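Asker: Take a look at this one; I'll ask things after.
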Amino acid sequence: MSSTELESPDTDASVHYRTCPLCEATCGLEITLKGQDVQRIRGDRDDVFSKGFICPKGSTIKDLDADPNRVQRPLIKEGGVFREATWDEAFALIDERLGDIRQRHGNNAVGIYVGNPNAHSLSGAFYLPDVLRSFRTKNLFSASTVDQMPKQVSGGLMFGTALSIPVPDVDHTDYLLMLGANPYESNGSLFTAPDLPGRLVALRARGGRLVVVDPRRSKTAQHADEHLAILPGSDSYWLFALLHVLFAEELVDLGHMEDWVEGLDTVRRLSLEFSPETVAVRCGIDADTTRRIARELASAPTAVVYGRIGTCTQEFGTLSSWLVDVLNTVTGNLDRRGGAMFTTPLAGGPTTRGTSGSGRGVRFGRWTSRDGSPEVYGEYPVATLPSEIETPGEGQIRAMIVIGGNPVSSNPDSTRVARAFESLDFHVSVDMYVNETSRHADVILPTNRILTKSHYDMSLYRLATRNVANWSPAVLALNESIDERQEWETLLRLAALGDGLGTDVDVVALDDAKARKLCELAWGPQGDAATDVAHTKKKSVEDWYQAVSVRRGPDRLLDISLRTGPYGAPSEVLPDGLSLDVLEANPHGIDLGPLQPRLPEVLRTPSGRIELAPELLVDDVERLRSRLVDVSADSTSLLLVGRRHVRSNNSWMHNVRVLVKGKNRCTLHVHPDDADRVSVRDGEHAVLESSVGSIVVRVEVTDAVMRGVVSLPHGWGQHDEGVVLDVARSVESANTNAVIPARVDVPSGNAILTGVRVTLRRS
Ligand SMILES: Nc1nc2c(c(=O)[nH]1)N[C@H]1C(S)=C(S)[C@@H](COP(=O)(O)OP(=O)(O)OC[C@H]3O[C@@H](n4cnc5c(=O)[nH]c(N)nc54)[C@H](O)[C@@H]3O)O[C@H]1N2
Ligand SMILES: Nc1nc2c(c(=O)[nH]1)N[C@H]1C(S)=C(S)[C@@H](COP(=O)(O)OP(=O)(O)OC[C@H]3O[C@@H](n4cnc5c(=O)[nH]c(N)nc54)[C@H](O)[C@@H]3O)O[C@H]1N2
Ligand code: SF4
Ligand SMILES: [Mo]
């Protein structure tokens, strides 16, 4: 069975269906080809989840794949300039240099950074762990610590795994309180729901209420019933004040969770000192409003609190992330229809594996970095990466492997990050651009074009608002004339190199061994194969391995995950059980319906209960307390926040001309009163300065930002020498991370990117 259907008598034309991998919304695309030429990309109206919705980025995949600035073949830097090389040549150089560095300085001398696109890549899902393991280094970093790590920490502590993150049941809720998220531009995050704007419109149309808490009147705030402007970084105080009211007015009602909750009294005690009056000035929200919202939350038939990047990348990111789910719990809205629910991922995941109802839970700080940063889920904070590269001594990072990431753009104190990368002895980037980061590399290994990859969003389907699955086979063939290779093969080769197997490896054999091992694990006493075995009646692990080995690479591994996942066994809805064959036969996806209550089975805490007051977080409340009066506040400085635009995607899509044309979007939003105060005018240049640097920005005066707050989007400023991004370079822009100091939220190590103190002056 194939997802290709002939649409016209023109035998050359074919229509293919493909999930968009660019953001978390997982929209279905309908792609018309003529031969190997992409004629058109539009929304797949039959997609079970997105039903035809796409954003302006989805249809630009053709432009991305055809970008003349794409790195086509491996590049090796010689005498300061890149030259094209063969894969063998590139791998031989990597092997020689990394081998030498590891031998002389130990395994920790090699650091690895993995970026955001890996979360959307089937290759990344299955082969990246091999790379991370193979180099036996503790110096592992990722974009998670400039993003969602606080939510993973709070969810892990409360419910037991790194992916125990409840998702708003947006399609059924009566009340959505949203903090620090702007899905009208971002299309949702840790909350996979294609056409989230449409779902929010539907929520309001059925009589529900949407309240948005954001220092900016964002597009989502404009489309809400109510917008509360909050001072950046103060969400934890406000969330505590909501709890304060709920306890004081006896509105706490655990409902069906009564038997599963531990620590309610501790939370009540902690909330006592954060009354709406106490936090009003710090948050910029008056006490009456706070009381009213608390009552609305408690009285709505169903309600859900949701916080995203604005609540994570802040001084108290973990506390905010935690309090969001505490509120969901104490209002009885956790794990019930219309509340905050857990996905049952069709391909399985940490919340479906192992013993149901309890587990090992999570532990952090099992080892620490040289500067004392505790590991969190095996990684160190990216904010500390430059110092790990620059500080001499045992364990100093001398070489970096960067995979699908652009830390020089996306990490705080970016000027220092650039300097640190420049000082490395060796650096390899797996990327398709020579950008802010990879320009420093000694070797660049290109990734293959999006449409030559098969796709299944392993990570984001674990956080989806319905239980869905959709697999897309590759639409285009690899371009042999440039020796284009699948990224999973590149990752497998890198892993082999890390394992000391050298460069002369048989990738097919390595992949077979990996699949066989996965089969054996699934077959073993701890494994999940039983579900599939039951219906395939395979006699041995070998039979089973042969059955899945009609495919190779990540597709085979996905098939194993599907067969051993929660829907692998035959059921009423899937009489044959779930497998990749089933998904292949359903090119518009499979929808197993709205989220279902999963308590207590979803829990993996050692206690088998919801830990409402984990010690690590309770201890961090002291830090919150100590900052109730913001002593660094003064009348001349401003608080910097970010923003996203629907035509952007972090740092790497500004090279698509149709997305950047028109109005310049890298402007600094300044409130009219602040503009007057510092004498800057709309459209003028100004200097934005902080303790770590200064940048020249174009000012846009608008009352969409709170007084005292300025906003600049991230991911811009592609003007460094050597960056090969012709379109992005032609746009006037600056990198906001050049003025953001490298500071972290303590429990998670996540970078503080919002609420940063800056000054503004005329240039
Ligand atoms: N100030 C500020 N900084 C921020 C943020 C913010 O809100 N404010 N947001 C943060 C967030 S949420 C994130 S997720 C990070 C992102 O941080 P990063 O992941 O470091 O950066 P990206 O811009 O996503 O860069 C992705 C890189 O991967 C490459 N790439 C794209 N597709 C592929 C592929 O299929 N394979 C490979 N190998 N490479 C590919 C791109 O060319 C690009 O170089 O930025 C963070 N930085
Ligand atoms: N078009 C587009 N879509 C994207 C991306 C992109 O770059 N472009 N990136 C993707 C990625 S990697 C991610 S992680 C997601 C992020 O998805 P979202 O979390 O929805 O991110 P944003 O759209 O940046 O919205 C964050 C909002 O938080 C507000 N904010 C800032 N500081 C605070 C604060 O202290 N408190 C509160 N309450 N609010 C605050 C900002 O003003 C902003 O409106 O988007 C994804 N989708
Ligand atoms: S919303 Fe996200 S997944 Fe949907 S088309 Fe746009 S970029 Fe792709
Ligand atoms: Mo992100």
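Asker: Under 6 Å between Cβ atoms, which residue pairs at least 6 apart in sequence (or on different chains) link something in region 185-213 that is more than 16 Å from ligand 4 (Cβ to nearest atom) with a partner that is among the aromatic types (Phe, Trp, Tyr) and not in a helix (DSSP H, G or I)?
Answerer: Listed by first residue and then by second, the contacts come to PRO194/PHE49; PRO194/PHE53; ASP195/PHE53; ARG209/TYR175.
Asker: Still on this structure: Quick check on region 396-434: of everything there that is assigned to a helix (DSSP H, G or I) and either farther than 21 Å from VAL692 by Cβ or of a type in the set (Lys, Arg) (or both), which residue is nearest to ligand 2 (Cβ to nearest atom)?
Answerer: ARG416
Asker: Looking at ARG308, ARG337, ARG360, ARG353 in this structure, which one is of a type in the set (Lys, Arg) and farther than 28 Å from TYR567 by Cα?
Answerer: ARG308
Asker: Looking for something crowded, with 21+ Cβ neighbours inside 10 Å, within 16 Å of ligand 2 (Cβ to nearest atom) and within 30 Å of ARG363 (Cα to Cα) - is there at least one such residue anywhere in region 709-716?
Answerer: no
Asker: If you go through region 650-698 one residue at a time, how many are within 23 Å of PRO412 (Cβ to Cβ) and either part of a strand (DSSP E or B) or of a type in the set (Gly, Ala, Ser) (or both)?
Answerer: Selection size over region 650-698: 17.
Asker: Quick test for you: out of ASP265, ASP286, ASP259, pick the one residue that is among the acidic types (Asp, Glu) and at pLDDT below 95.
Answerer: Answer to the selection: ASP259.
Asker: If we scan region 348-362, do we find a residue that is within 25 Å of SER189 (Cβ to Cβ), within 16 Å of ligand 2 (Cβ to nearest atom) and either outside any helix (DSSP H, G or I) or among the hydrophobic types (A, V, I, L, M, F, W, C) (or both)?
Answerer: no
Asker: For SER121, state whether it is within 16 Å of ligand 2 (Cβ to nearest atom), within 30 Å of ASP37 (Cα to Cα) and surrounded by 24 or more Cβ atoms within 10 Å (Cβ to Cβ).
Answerer: Yes: the conditions hold for SER121.
Asker: Could you say which residue among SER648, SER635, SER626 is within 16 Å of ligand 4 (Cβ to nearest atom) and either without any contact (Cβ under 8 Å) to a residue 60 or more places away in the chain or surrounded by 22 or more Cβ atoms within 10 Å (Cβ to Cβ) (or both)?
Answerer: Answer to the check: SER648.
Asker: Tally time: how many residues in region 130-162 are within 13 Å of ligand 4 (Cβ to nearest atom) and in a helix (DSSP H, G or I)?
Answerer: Qualifying residue count for the region: 8.
Asker: Within region 460-508, which residues are in contact with a strand residue (DSSP E or B) (Cβ under 9 Å, 6 or more places away or on another chain) and of a type in the set (Gly, Ala, Ser)?
Answerer: ALA464, ALA469, SER472, ALA474, GLY498
Asker: Within region 607-622, identify whether any single residue is part of a loop (DSSP other than H, G, I, E, B) and β-branched (Val, Ile, Thr), and answer yes or no. Full working, then the answer.
Answerer: As a first pass, look at region 607-622 and keep what is part of a loop (DSSP other than H, G, I, E, B): 607-609, 612-614.
Pick out the ones that are also β-branched (Val, Ile, Thr) and you get none.
So far as region 607-622 goes, no, none of its residues is part of a loop (DSSP other than H, G, I, E, B) and β-branched (Val, Ile, Thr).
Asker: Now a separate question. Are any of the residues in region 145-156 closer than 30 Å to GLY502 by Cα, more than 16 Å from ligand 3 (Cβ to nearest atom) and of a type in the set (D, E, K, R)?
Answerer: No, region 145-156 contains no residue that is closer than 30 Å to GLY502 by Cα, more than 16 Å from ligand 3 (Cβ to nearest atom) and of a type in the set (D, E, K, R).
Asker: Given the criterion closer than 22 Å to THR754 by Cβ and surrounded by fewer than 24 Cβ atoms within 10 Å (Cβ to Cβ), identify the matching residue among LEU228, LEU323, LEU242, LEU319.
Answerer: Details: LEU323 fails: surrounded by fewer than 24 Cβ atoms within 10 Å (Cβ to Cβ); LEU242 fails: surrounded by fewer than 24 Cβ atoms within 10 Å (Cβ to Cβ); LEU319 fails: surrounded by fewer than 24 Cβ atoms within 10 Å (Cβ to Cβ).
Within the list LEU228, LEU323, LEU242, LEU319, the selection yields LEU228.
Asker: Tell me the helices (runs of 4 or more DSSP H) entirely within region 163-258 that contain at least 2 residues that are more than 16 Å from ARG308 (Cβ to Cβ).
Answerer: Once the helices (runs of 4 or more DSSP H) in region 163-258 are filtered for at least 2 residues that are more than 16 Å from ARG308 (Cβ to Cβ), what remains is 196-205, 235-248.
Asker: Would you point out which residue out of THR452, THR447, THR415, THR384 is β-branched (Val, Ile, Thr), crowded, with 24+ Cβ neighbours inside 10 Å and within 16 Å of ligand 1 (Cβ to nearest atom)?
Answerer: That would be THR447, the only listed residue that is β-branched (Val, Ile, Thr), crowded, with 24+ Cβ neighbours inside 10 Å and within 16 Å of ligand 1 (Cβ to nearest atom).
Asker: Another question, if that's okay. State whether one or more residues within region 94-116 are within 16 Å of ligand 4 (Cβ to nearest atom), part of a helix (DSSP H, G or I) and surrounded by fewer than 24 Cβ atoms within 10 Å (Cβ to Cβ).
Answerer: yes
Asker: So, one more: Going through ASP335, ASP425, ASP371, ASP413 one at a time, which residue ends up being under 17 Å from ASN750 (Cα atoms) and modelled with pLDDT of 95 or more?
Answerer: ASP413
Asker: Next question. Please state which one of SER387, SER410 is within 16 Å of ligand 4 (Cβ to nearest atom), small (Gly, Ala, Ser) and more than 30 Å from LEU33 (Cβ to Cβ).
Answerer: Answer to the check: SER410.
Asker: A further question on this structure: Is it true that some residue in region 316-327 is over 27 Å from VAL468 (Cα atoms), assigned to a loop (DSSP other than H, G, I, E, B) and either within 16 Å of ligand 4 (Cβ to nearest atom) or touching a residue at least 12 places away in the same chain (Cβ under 8 Å) (or both)?
Answerer: yes
Asker: I'd like the full set of residues that are in contact with a Ser or Thr (Cβ under 6 Å, 6 or more places away or on another chain) and free of Cβ contacts under 8 Å to residues at least 24 places away in the same chain, limited to region 473-521.
Answerer: Correct list: ALA474 only.
Asker: Something else now. How many residues, within region 175-188, are over 14 Å from ASN328 (Cβ atoms) and surrounded by fewer than 24 Cβ atoms within 10 Å (Cβ to Cβ)?
Answerer: Count: 2.
Asker: Counting just the residues of region 398-412 that are hydrophobic (A, V, I, L, M, F, W, C) and in contact with a helix residue (DSSP H, G or I) (Cβ under 6 Å, 6 or more places away or on another chain), which one comes out surrounded by the most Cβ atoms within 10 Å (Cβ to Cβ)?
Answerer: Here the residue is VAL408.
The values are calculated or read from the model by the stated rules, or taken from the named source; none is laboratory data. All values derive from a computational prediction rather than experimental measurement. Counting neighbours? That spans all protein chains shown, and the Cβs are built from the backbone with ideal geometry, glycine included.
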